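J.: Can you keep this structure in mind? I'll have questions shortly.
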Amino acid sequence: MKSELAEMALDQKHTMPVDDDVPETVPVPHALVPHLDETAILLDIDGTLLDLMPTPREVWVPPGLSETLKQLVERTSGALALVSGRSLNDIDLIFAPDVYRAVAGHGAEMRLSADNEADDVHAPPLDKELKRRLAAIAKLSPGILLEDKGYSLALHYRLAPHAEKAIFEAVSLIRADLPNAPIEVLPGKFVCEIKHSGFTKATGVRELMQHEPFRGRRPLFIGDDVTDETVFAIMPDMNGLAFSVGRRAMGVNGHFDAPSDVRAFLARLLDPR
């Protein structure tokens, strides 16, 4: 029998709210962001800046994107940050040799300067026994990929979509055995991630915006997944702008159809015409 927790997790994943009032198209770049020197650009990575791939290790940076990001960093005086569920180390491997300011690990890590490895780590490592039990779920089916980030553990099943129900049920049983464990389950696009509770992308973005060169600027955030909705929700508090990718999410100012449209939009921000 499917557990109640598993049902709730799957419902959250498959019934992401859609806002019918979201504009069908994204406004003209310069009408949207007339002054880059007053803007903070905050970008999710997978499914937003980069195209999704069968496995997390297969993502790649398309030609021209590195140059676009470098110019945006210069035009914003450094107020560009990547906001991702990936670890800082993973982000650096993908974008090497370039290094960016970042909120990583769903807010678990933060880098305020491109010259530093990390400025702050908000979460302790997951309990070893908990990780062992969660890791065993990957044996449910070939194609389930395990990603250990230290402070979180992700089960990717893009290569085994039929295993989705079994994965969430297994996670729910473990949570039922450990009702007081400070953990949170994040359903995403063909991924189930288990992390420490108490930090999110939104908490990371709030802290980031208190530091230079982000302080006092108007944030523009672009994201695609359930975990990005926490950031969508806080943009009005900061007079910010939020855009979703691949769907018309609740509370955003507009949406893009695909990561390629996001990359084209960012490139157009640099066009002096």
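J.: Mind ranking 139-149, 168-178 by how tightly packed they are, going by the mean number of other C-beta atoms within 10 angstrom, highest first?
T.: So the peptides 139-149, 168-178, ranked by packing, come out 168-178, 139-149.
J.: Ok, one more. Can you work out ³J(HN,Hα) from phi for every residue in the stretch 81-95, in order, using Karplus 6.51 cos²θ - 1.76 cosθ + 1.60 and θ = phi - 60°, giving whole Hz and x for Gly and Pro?
T.: Working through the residues one at a time gives 9, 8, 10, 9, x, 6, 6, 4, 4, 5, 4, 5, 5, 5, 9 Hz.
J.: Lysine pairs in the stretch 128-196 8 or more apart or on different chains: how many have alpha carbons under 19 angstrom apart?
T.: Number of lysine pairs found: 11.
J.: Using the heavy atoms of the protein chains alone and a 1.4 angstrom probe, what is the accessible area of the stretch 39-129 per residue in square angstrom?
T.: Per residue, the stretch 39-129 has an accessible area of 42 Å².
J.: For the chain, what is the relative contact order in percent, using Cα pairs closer than 8 Å and at least 6 residues apart in sequence?
T.: Taking the mean separation of contacting Cα pairs over the length of the chain, I get 26 percent.
J.: With a 10 Å radius around each residue's Cβ, average the other Cβ atoms per peptide and rank 253-259, 66-72, 78-84, highest first.
T.: Taking the mean over residues of other Cβ atoms within 10 Å, the ranking is 78-84, 253-259, 66-72.
J.: How much length would be gained if the chain were fully extended between Trp60 and Glu38, taking 0.36 nm per residue of separation minus their Cα-Cα distance, in nm to one decimal?
T.: Computed gain between Trp60 and Glu38 is 4.9 nm.
J.: Shifting gears a bit: So what's the back-of-envelope 222 nm ellipticity for the chain, counting only DSSP H runs of four-plus at -39500 (n - 2.57) apiece and dividing by all residues, rounded to 500?
T.: It lands at -8500 deg cm²/dmol.
J.: So, one more: Most mobile of Arg218, Arg132, Arg75 per a Gaussian network model of the chain (Cα springs, under 10 Å)?
T.: Residue with maximal mean-square fluctuation among Arg218, Arg132, Arg75: Arg132.
The values are calculated or read from the model by the stated rules, or taken from the named source; none is laboratory data. No experiment lies behind these values; they were computed from the predicted model shown. Here Cβ is always computed from backbone atoms with ideal geometry, including for glycine, and neighbour counts include all displayed protein chains. Accessible surface is based on the protein model in full, side chains and every heavy atom, while ligands, DNA and RNA are left aside. Shrake-Rupley method; radii C 1.70, N 1.55, O 1.52, S 1.80 Å.
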